[in-house]
Amino acid sequence: MLTAPPGPHDDYDEYRALELLAGLPYGRLSVSMRALPFVTVARHIVSGRSVVLRMHAGFGYAQACDGNVVAYGADNLSTRREGDEDVRTVQFVGTARLFTPSPAELELFGRAPRTADDAPFVPEYLCIEPQFITLHRLEGVPARQVAHFA
């Protein structure tokens, strides 16, 4: 069961957060490894009320996260179009478990990368049931102009 932070939130807000997350292909997984914070990128899908992550097995991150509480977040910063000044972010925490996706879930992921750091990409999956989820919206945020180094 998803729980909302204190305030005027309800199941509809949690549904909206998962709906936004479903429309974003990548996010960032955060975990504590050897008492230090660690963040990595992951491809995700929403399956019911769970979030399934696809990562490269060669990095060992999914194995390290199995059974641990993790945080995951995604935003629309890189997918905004010209003139879109709304930024939406979703964050949640939950316990990560190694997972074998169904054929339908694998199809939702789409094609995997060919390589990861010049090694063949070997997929590994985590499933997280969000226990605390938030959705934030910032309005009036202009798109960042590409800057070049001098």
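For the chain, give the percent of accessible area contributed by carbon and sulfur heavy atoms, probe 1.4 Å, rounded to a whole number. Numbers along the way, then the final one.
On the way: 5200 of 9420 Å².
Carbon plus sulfur share of accessible area: 55 percent.
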Compute the Cα gyration tensor for the chain, then decide on rounded, prolate or oblate, letting a ≥ b ≥ c be the square roots of its eigenvalues: rounded whenever a/c is under 1.5, prolate when a/b is larger than b/c in the other cases, and oblate in all that remain.
-> oblate
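So, by mean Cβ neighbours within 10 angstrom, what's the order for 114-123, 96-105 with the highest one leading?
Details: 114-123: 11.0, 96-105: 14.1.
Going by the mean number of other Cβ atoms within 10 Å, highest first, we get 96-105, 114-123.
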What does the accessible area per residue of the chain come to in Å², with a 1.4 Å probe and no ligands, DNA or RNA counted?
-> 63 Å²
Quote the relative contact order of the chain in percent (integer), defining contacts as alpha-carbon pairs under 8 Å separated by 6+ residues.
-> 30 percent
If we sort 24-32, 51-59 on the protection proxy, mean other Cβ atoms within 10 Å, highest first, what's the order?
-> 51-59, 24-32
Note on region 19-94: C-alpha Rg/Rh, Kirkwood Rh, two decimals, gives 1.00
Quickly rank 125-134, 37-46 as a protection proxy: mean count of other C-beta atoms within 10 Å, highest first.
-> 125-134, 37-46
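The values are calculated or read from the model by the stated rules, or taken from the named source; none is laboratory data. Only a predicted model underlies this, so the values are computations on that prediction, with no experimental measurement involved. Positions of Cβ are backbone-derived with ideal geometry, glycine not excepted, and every protein chain shown enters the neighbour counts. Please note that ligands, DNA and RNA were not included when accessible areas were found on the heavy atoms of the full protein model with its side chains. Shrake-Rupley method; radii C 1.70, N 1.55, O 1.52, S 1.80 Å.
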